[in-house]
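Reading through the structure tokens given below for one structure.
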Amino acid sequence: MSGNPVSSPVLVFDSGLGGLSVAAEIRQRRPDLPLTYLADNAAFPYGLKADEFLKQRVIEVIGAAVERDRPRLVVLACNTASTIALDTLREALELPVVGTVPGIKPAAERSRSGVIGVLATPRTAQSGYIDALVRDHGDGRHFIVQPAEGLAREAEAVLAGAAPDLDLLRGLQEAILAAPRGEEVDTLVLGCTHYPLLQAELEATAPRNWSYLDTGAAIARRVDELAPQAGQPAAADTALLTALVGPDTGYARALARFGFELDAPLHRPA
Ligand code: DGL
């Protein structure tokens, strides 16, 4: 599987539409790269699933897409999947795999007050992964980690055309403000790739003027380092899903707005 040609796509994976925030950054930095967007929409949301299930699932679904499209590299545009399956995936594939890590390190560098809020899926928030990042890269700063149940689903609904549930967005941010030292927060880490898709709505409902931080641009920089120039403009980018959605749905229209045409659904491993 190694040494796939430079005309082969970069495979961008997420449980749903969240990885589009990362795909947009990659496209902005490297418009020459063909992209395939892979969403495991049949198993969405990952943020409430068990580790063992997710580890196996991510390997199976990405493995099937790699067989099909022979990408040059894989971007795991999902914090939840990265915290659980990045090492296993790197062992299983003979391809470079770029993971997604909540922006603990850049937030520690950026924050002036030294108190930082983090929104993450319940799975990521409870994984111990953020604690390890804080220990290794938190530079002694104080982090308030808020599990954001329902926020990835909300991002998908808004992307598909629903009105945002402003109470949900306000409530999650107010929970950070109400935590010990919450009044000192100046930076909010968006620790799930779905959340930057709601950044305007989060800012509109923020109880304080926080600075928001995600790692989409950093992932695009890493892809840029790893992917040689394709040399010709990318053909139409395609989206692969694990569950069928009709072309006339909010889901398909959201993919189209980000430049992805629906392909036949990926054969789902039994
Ligand atoms: N977009 C994913 C992440 O970055 C997870 C969303 C979900 O499936 O819960 O964590």
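Tabulated data for the structure shown
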| read-out | value |
| --- | --- |
| Gap separating the Cα centres of the stretch 9-67 and the stretch 102-177, nearest whole Å | 20 |
| Rounded FRET efficiency, nearest 0.05, which uses the C-beta distance separating T249 from R90 and R0 of 30 Å | 0.30 |
| Test item: Cα-centred dipole of the stretch 26-175, Lys/Arg +1 and Asp/Glu -1 on Cβ, debye | 460 |
| Point-charge dipole on Cβ atoms (K/R +1, D/E -1) for the stretch 111-270, about Cα centre, debye to 20 | 220 |
| Cα gyration tensor, the stretch 49-175 - rounded (a/c under 1.5), prolate or oblate | oblate |
| Proximal charge balance of V134 [Cβ under 11 Å; K/R count +1, D/E count -1] | 0 |
| The stretch 178-250 shape via C-alpha gyration tensor axes, a/c threshold 1.5 | oblate |
| Residues whose placed amide H lies under 5 Å from that of R72, excluding near-sequence neighbours | V10, L11 |
| The chain: DSSP helices with Cα axial extent of at least 15 Å and average Kyte-Doolittle hydropathy no lower than 0.0 | 166-178, 216-226 |
| Percent accessible area from carbon and sulfur atoms, the chain, protein chains only, probe 1.4 Å | 49 |
| Convex hull of Cα atoms in the chain, direction-averaged projection (nm²) | 13.5 |
| Surface accessible to a 1.4 Å probe, per residue, for the residues of the chain, Å² | 43 |
| 5 angstrom amide H check on S211, placed H, neighbours 5+ away | T187, L188 |
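The values are calculated or read from the model by the stated rules, or taken from the named source; none is laboratory data. Here the structure is a predicted model, which is why all the values come from computation and not from measurement. Methodologically, a virtual Cβ is constructed for each residue, glycine included, from the backbone with ideal geometry; neighbour enumeration extends over all protein chains shown. These accessible areas exclude ligands, DNA and RNA; they are computed on the full protein's heavy atoms, side chains included. Shrake-Rupley method; radii C 1.70, N 1.55, O 1.52, S 1.80 Å.
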